[in-house]
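The values are calculated or read from the model by the stated rules, or taken from the named source; none is laboratory data. Everything quoted here is computed from the prediction, not taken from an experiment. For neighbour counting, all protein chains shown are included, and Cβ atoms are generated from backbone atoms with ideal geometry for every residue, glycine included. Remember, those area values only see protein heavy atoms, side chains included, never the ligands or the DNA or RNA. Shrake-Rupley method; radii C 1.70, N 1.55, O 1.52, S 1.80 Å.
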Amino acid sequence: MTAAGNPSAGCPRGLAPAEQAHASDISAFVRRSPEGNTLQLTVRGAKCAGCLSKIEKSVQALPGVTQARLNLSNGRFDVRWRGDLSANDVAGTVSALGYGVAPFAPDAADSAAKSEERKLLIAMAVAAFAAANVMLLSVSIWSGHGEMGETTRRVMHAISGAIALPAALFSGRIFFQSAWSVLRRGHANMDVPISLAVLLALGVSVTETIRGGEHAYFDAAVMLLFFLLIGRFLDARLRRRTHAAAQDLAALQARTVTRLEGTEARSVRADEIIAGDIVLVAPGERLTVDIDVLDGVSEADESLVSGESLPRAVAPGARLFAGSINLTQPLRGRAISAASDSLLADIARMLEAGEQRRSKYRRIADKAVSLYIPLVHTTAALTLIGWLLAGAGVREAIMIAVSTLIITCPCALALAAPVVQVVAAGRLFRKGVFLRSGDALERIAECDHVVFDKTGTLTLGEPELVRSPHDQDKLQRAARLARASRHPLSRALVAAAGAGSVAAHVKEHPGLGLEAEINGVRCRLGSAEWVGEEASAATTSLQLWYVEGDSSPHRFLFEDALRPGAGDVVETLRRRGIGVEILSGDRQDAVATIASALSVTDWRAGASPADKVERLEQLRAEGRKVLMIGDGLNDAASLSLAHASLAPGGAMDVSQSASDGVYTGAGLGAILTMIDASSLARRRMVQNFSLAAIYNFIAVPIAVAGFATPLVAAIAMSGSSIIVTLNALRPGWKRF
Amino acid sequence: MEMLAFLIPVALMLGLVGLVSFIWAVREGQFDDPDGAAARILIDEDHPAEQACK
C-alpha cells in the first residue's frame, strides 16, 4: 500500500480512501478512429470538485490528449487523444493519484436504456406542460360555473383540446403501443385500461366541445398521463442505475488476456479470444477463458470455480477453467473455447432455465392488475347499461360510464410499486447494495430459508494464520521464505509476520513448497512431504511446515476466517425463524469447522454445481422459498434457480448476473439490511395497493351514481396519487 | 374579457418556451451528470486544482 502513506493521494476532502494501484494491460479497450483514440474508464473514489479537477487536469497534461471529461455522478471517464499515447499511461496517471480505475466497454443495452429514459422524461415534460396549462383553463371554467357565457366556455374547451390532444397523443403513445402489442397477442396489461380511459376521455371531450356541452375531460386525460409517466420514469431510471452499477463491478475484474502471436505477446480483450489461441497467464492473474495447460508448473486457486479452498497443483495437460487464479509460476496454455462459451455451457443453460422460471414470478402489481382490469371494465359496462335501462339518454349514459373509467384509472396503482422500489433501492444503493431488479425486493421479503455458500461468502476466502505463542520466533524465520511467494498460505504467513527481510535465491517448487539457503543452512517451507514429515501428510487441513537443516519441523495451522458479522447474521436469521443452511463445494472438515463455529446443524460439503441445484429443487418441492447467497461459478446455477439470490461484490460476474442483488464490503451485515429493507418495502407496497383499493371503493360509487364531474375526477386522481407517494416516502427508512 | 384573447396566448407561449428549453436541455445531456455540474462550479480555473476544496 504505497498510496496509503501519501497524503495527497485520493480525494482531497477525505471522502473516499485512496485506492491501491493495480496494473493490467488495458490497451485492448482503446477504440481507434481517424479522428483519434477514445478510451472509457470507470473511476472509483472521485467524490468532490477537487477530485474532478485533479483527475481531469493531470490527464489533460498528457501529450496529445484533446478531451478528458469525468462524469462525477456515475464515475465514467471519457478520454480522447491523438498520437501514440498508451492507454496504460492514462490509467496509470489516474491510479497514481490514488483513485481506482478500470477499463469499461460501453454496451448496447446501456445506450438503449438511456434513450428509453430520455424518451420517458420528454413525454413526462410534455404531459406536465399540457396538464398545467389545461388545468389553468379548467379552473376558470369550474370557478366561472353559472356565470361564464356559453361561447367563452366553448372557446376555453377548444383551446384546452388544442393543447391536450397533441400532448396526449405524443405522451400517451408509450402506453398505446404497449397496450396494442399485448392486445394483439390476446393478453391484457395495465396499459390497456390506461389507453382506453385516455382515448375515451379525449373522444368524449371532443364531442362535448363540438356540441357545446358543460363537461370536458381534457385536463383529466393529460393529468392521468403525467402521473403515470412519473411512475414509468422512476422505474426506468432505477433499472438503468442498477444495470450501470453491475457493469462497474464487472469492469473491475480482469478482462484482458495475453495472447501469443508468433513470438510476440499481445494484450487483447477476453472476447477476442477464439478456441486454439495460445495464451500466457502471469502469476496472480485470473483466467477469463478455459485453457489446457501446455507449459509451466504452477498452482491454481479454484475457490471461485469449485469452492475448494486449497490451491491445486497444475502441470502440463491439466485443464483450468475461467475464474481460477494462477498463483506461482507463469503458464502457457491453449484456449479450449472462446471466452463467451468458456463460462461453461452447462452453467449457461442452467442459468437460462432458472431465469425462465423466475420470469414467471407474479409481482404484487401483476396480481393487483389482474383483479383490477375485469372489475373496472365490468363496472363501466354495467354503469352504461344501468343508466340506459333507468331511462337516461345515450349521451348521458356514455358520459357517466366514461367518467367511471377515468376516475378508476390506475394512477395510484401505477405509482404504488415503483415509488416504493425507488426509495428502497436508493437507500440500499448508498449502503453499497445494488438491486438488479425491482421485484427482487418482493421476492427477498418472502424468503423463509437461507442457503449460504461457504468459501468467499461466509468466509473471506483467504486463509489466516492460527496464532499460537510458540510460533513467534519460527514465524519470523519462515516469513523470510514466504515473502518471495504468491501462494495464499505464504501470503497469510507474511500478513501475520509483518514487514521484514527476504531470503536470497528462494526457489519455489509448485505443489511442494519453498527452499532457500540461509547462512549455509537449508531451510524449507511447504507441505508435510516437503519437509519429510510423512506421518502427518494425510491431514488435509490448511497447514504449512517449516524446517531448518535437520531440526524437527514446525507446523503452522491456518483457517479460512469467517467474514465479520457472519455469526450475527446467522444468529439473527435463526431468531426470526428463518432456516439457515450451508451448501459448499469444499472439503468435509473445512465445512464442518465453519458450521460448528456458526452452530449451523444443516450443512452439506463436497457439493458439485449439479448437487447444489438438486438440493434447491428439493427445498422448492418442500415448499420452501429459498434465498441463496453465493459467489462462485459453481453457485451460478443455484443462484438463478433460487426464489431470490444475493452475491457479494467479489463474486464472478456470471454469479452476479444470476443474482437479484449484489452487496459490497467485507462484512455480511448488508444481508440483514437487504432483508429488512425488503420486508419494509413489501409492507409499504401492500399498504399502497390497499390505499388505492380504498380510494376506488369511495370513488367508484360516486362515479357510477353520476356525480363525477371533471372537478371531482381531478381532485380524486391527484389526491390518491399524492397519498400513495407520501406513504412511500414516509419515514421508517432511516435505519437503512 | 377581451384581455383573454391576449393573455391566454401569452401564458401558453411562456409555458411552451419552458417546455422547449427543457427538451433541449435533456437532449444536450445537461442532466447526465448532476453531481459533476454541482462540483465544476467550485473549480477555480486560475489556481491550482487542490485549492478548490480547501
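Pairs of Cα atoms in the protein assembly as shown fall into 20 Å distance bins, from 0 up to the last occupied one, in shares of 14, 38, 31, 13, 4, 0 percent. With axes computed from alpha carbons, what is the tilt in degrees of helix A:49-60 against the longest principal axis of chain A, rounded to the nearest 10 within 0 to 90? Tilt relative to chain A: about 70 degrees.
Chains A and B together bury roughly 2300 Å² of accessible area, counting both sides, with a 1.4 Å probe on protein heavy atoms only. A crude spin-label estimate for the pair A:ARG467 and A:LEU294, with each label 7 Å from Cα along the Cβ direction, gives 4.8 nm. Inter-chain neighbour count for A:42-51: the average number of beta-carbon atoms from partner chains within 10 Å of each residue's beta-carbon is 4. Checking the cross-link pairs A:LYS54/A:LYS119; A:LYS431/A:LYS454; A:LYS119/A:LYS367; A:LYS114/A:LYS612; A:LYS119/A:LYS431 against a 26 Å limit on the alpha carbon distance flags A:LYS54/A:LYS119; A:LYS119/A:LYS367; A:LYS114/A:LYS612; A:LYS119/A:LYS431 as lying beyond it.
Relative to the dominant Cα principal axis of chain A, helix A:566-575 is inclined by about 50°. Using every pair of separate Cα atoms, the Kirkwood estimate puts the hydrodynamic radius of the range A:254-341 at 12.5 angstrom.
Where does each of A:MET135, A:MET628 land when they are ordered by accessible area, with a 1.4 Å probe and the largest first?
A:MET135, A:MET628
If you look at the Cα atoms of the range A:414-487, you get an Rg and a Dmax of 22.6, 68 Å. With the full set of protein chains in place, find how many percent of the accessible area of the protein assembly as shown is carbon and sulfur; take the probe as 1.4 Å. After summing per-atom areas, the C and S share lands at 58 percent. Relative to the longest principal axis of the Cα atoms of chain A, the long axis of helix A:364-389 makes an angle of roughly 10 degrees. Mean residue ellipticity at 222 nm, helices only, the protein assembly as shown: -16500 deg cm²/dmol; runs of at least 4 DSSP H residues each add -39,500 (n - 2.57), and the sum is divided by the number of residues. In a DSSP loop and with at most 16 other Cβ atoms within 10 Å, the chymotrypsin sites (Phe, Trp or Tyr not before Pro) in the range A:654-711 are A:PHE707.
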